[in-house]
Amino acid sequence: MQREAHNLWQSSKQSPIDRPPNSLKINPLSDKNIPLLATLASREFFTENLRMALSFSCSFTSFPRDQVRASPKSNKCLDNVRNLVKTVAIPSVTSSPLESLRKGNWVKLICGASFEDVVDIRNLSLVYTLAGVDCIDCAADGAVVSAVNDGIEAAKEIAALRRPWVMVSVNDDEDLHFRKAEFDAEDCPLDCSRPCEVVCPASAIALKEGNSLAEVSLGTSTSGVLKGGVITERCYGCGRCFPVCPYDKIRAVAYKRDTTATAELITRNDVDALEIHTSGRQTSLFKELWDGLGDSISYLRLVAVSLPNTGDSTISSMNTMYSIMQPKLRCFNLWQLDGRPMSGDIGRGATRESIAFAVQVAAVKDKPPGFLQLAGGTNIHTVDGLKKMGLFQTTSITNNSNDERMTATSPSSLHALVGGIAYGGYARKIVGRVLRSLQSQNGVARIEDYPDQLLEALREALALVGTSKCHDPLLTMS
Ligand code: SF4
Ligand code: SF4
């Protein structure tokens, strides 16, 4: 059934892009407009340069894949991609992910703990690496990790960039991020208006009319049935299809990543960080997972714990989890404050809970060591919200590790109150529009083989990543 849904999806990538492509046509930048790092502290300055830089455009649509690399037009268009990266001059293109955390302008792309479409993941990773993200968070699956790294390497072939860290996400218990939707399409009424298909943000449901196998084998085909269903690798468990089904046909199937497989995965050279999703309510499960990971933890540069706001008990459970981690923690740690899990990440309202959570935790004196990072409901409005709440400030750094990697790479005694922001659904959506269009026209494709679409996707990604990268609190305080 899932294979059927996947095949249906592959053959029906006709979903139209729901927004016209960026049509800015302004004069290209000259060298004098290339912003310097110091002047990036002004968002207005950054925005203006970004706006101007986005004026680069390609004058053609696509190439046959096997001719792209030889085509002068293609090279010229990839030059425009390179020029855009160079012109915007996002600091993290050269500075390390750790430096971004310390400054407070760390940006993480969340591919989705359950999202396993390796084609999309590779293209997303390529685009957001070019846009200067510090970390790419993906499912703890070997093929997915390889897709992320392939996208990163492809981006580095286009422009001289430093590599973002690759993070894998696991869970210690049932969690909204670790589930898949499931239903048997043949059980659905044929006249259903299929709201599940419409509401799915990941195009993870594909249905069409067919005949049931039983009817076909018996030669008694009379009426059709729906075929297809959920494309498992694309479903990331957002849950939006559950309430819209008028016949209550859709089930949520929860799962937990295997600890032994995760321990093996994080010893890979191309995995830098681990994120543990926890409810924070049952620290015994957290301990069980942490102990199960054993010495593999020593291969990591960063361990993140993602937790929702549990009110008054949040800080005490953070302290308990930190005390569990501390004996084996030889790298940096980070608290991902998931203000609004699976929010849909749209509008100013969605980001409020995430910011309120950060305000609450940042204000507490006896919280455990570690960088703070927002997630859940984060979008293009999040940085503005953080600024309004005064969270782009510096504070004394807490050295929580004796590992020489930490002391060697922490030259300053200052770091930002909030280390940065993770973007999930919103980041995937804005670039996903371009990817859907690319796939509907060309099928499975590497986005760099279609430089005009890559340029368009990069513009979208830069507009989001730039909201964080334009701000450097360490510069503004001096
Ligand atoms: S849970 Fe979300 S991603 Fe999965 S099929 Fe339903 S709407 Fe789509
Ligand atoms: S909305 Fe429910 S009944 Fe209708 S096609 Fe989707 S899963 Fe089936």
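Rounded, prolate or oblate: which one fits the range 85-173, using the alpha carbon gyration tensor with axes a ≥ b ≥ c (rounded when a/c is under 1.5, else prolate when a/b beats b/c, else oblate)?
Values: a/c = 2.52, a/b = 1.38, b/c = 1.83.
Cα axes put the range 85-173 in the oblate bin.
Compare the peptides 163-176, 279-292 by average per-residue count of other Cβ atoms within 10 angstrom and give them in order, highest first. Numbers along the way, then the final one.
Values: 163-176: 22.6, 279-292: 16.6.
Put in order of decreasing packing, that is 163-176, 279-292.
What is the set of long-range amide H partners of Val418 at a cut-off below 5 Å, with H atoms built 1.01 Å from backbone N?
Long-range HN contacts for Val418: Gln393.
Find how much the distance from Lys156 to Asp270 grows on full extension, using 0.36 nm per residue of separation minus their present alpha carbon separation; answer in nm with one decimal.
39.6 nm
Could you sort out which of Lys328/Lys469; Lys208/Lys256; Lys86/Lys429; Lys328/Lys365; Lys180/Lys287; Lys108/Lys387 sit more than 29 Å apart by Cα distance in this structure? Walk me through the intermediate numbers first.
Values: Lys328/Lys469 32 Å; Lys208/Lys256 31 Å; Lys86/Lys429 25 Å; Lys328/Lys365 24 Å; Lys180/Lys287 25 Å; Lys108/Lys387 19 Å.
In this structure, Lys328/Lys469; Lys208/Lys256 lie more than 29 Å apart at Cα.
For the charge dipole of the range 144-284, defined by +1 on Lys and Arg C-beta atoms and -1 on Asp and Glu C-beta atoms about the Cα centroid, which residue among Ala160, Ser193, Ser284 has the Cα displaced farthest towards the positive pole?
Value: Ala160.
What is the local net charge at Gly292, summed over the other residues whose Cβ is closer than 10 Å to its Cβ (Lys, Arg +1; Asp, Glu -1)?
Details: positive: Lys287; negative: Asp172, Asp258, Glu288, Asp291.
Around Gly292, the surrounding residues sum to -3.
Can you pull the three principal axis extents for the Cα set of the range 225-268, in Å, largest first?
45, 20, 13
If you take the square roots of the eigenvalues of the alpha-carbon gyration tensor of the range 176-308 and sort them as a ≥ b ≥ c, do you get rounded (a/c under 1.5), prolate (a/b over b/c) or oblate?
Prolate is the answer for the range 176-308, as a/c is 1.5 or above and a/b outweighs b/c.
Rounded to the nearest whole Å², what accessible area per residue is found for the range 171-319 with the 1.4 Å probe? Working shown, then result.
On the way: 6900 Å² over 149 residues.
For the range 171-319, the solvent-accessible area averages 46 Å² per residue.
Along the principal axes of its C-alpha atoms, what lengths does the range 250-375 span, in descending order and rounded to whole Å?
Cα spread of the range 250-375 along its principal axes, largest to smallest: 44, 40, 28 Å.
Summarise the accessible area of the range 82-218 (1.4 Å probe, protein heavy atoms) by the percent that is carbon and sulfur.
Heavy-atom surface of the range 82-218 belonging to carbon and sulfur, 1.4 Å probe: 51 percent.
What nm distance separates the two modelled labels at Glu182 and Gln326, each placed 7 Å from Cα along Cα→Cβ?
4.2
Within 10 Å, count the other beta carbons around each residue, average over each peptide in 357-367, 107-117, 267-277, 427-437, and list them highest first.
Going from most to least packed, we get 107-117, 427-437, 267-277, 357-367.
Determine, for each peptide in 237-247, 185-195, the mean count of other beta carbons within 10 angstrom over its residues, then list the peptides with the highest first.
237-247, 185-195
When a/c is below 1.5 the answer is rounded, else prolate if a/b is larger than b/c, else oblate, so apply that to the range 127-176 with a ≥ b ≥ c taken from the square roots of the Cα gyration tensor eigenvalues. Walk me through the numbers on the way to the answer.
Values: a/c = 3.49, a/b = 2.21, b/c = 1.58.
Prolate, since a/c reaches 1.5 and a/b exceeds b/c.
The values are calculated or read from the model by the stated rules, or taken from the named source; none is laboratory data. The shown structure was predicted, so the numbers you read here are calculated from the model rather than taken from an experiment. Cβ coordinates were reconstructed from backbone atoms using ideal geometry, including for glycine residues, and neighbour counts include every protein chain displayed. Just the protein is used for accessible areas: all its heavy atoms, side chains included, with ligands, DNA and RNA removed. Shrake-Rupley method; radii C 1.70, N 1.55, O 1.52, S 1.80 Å.
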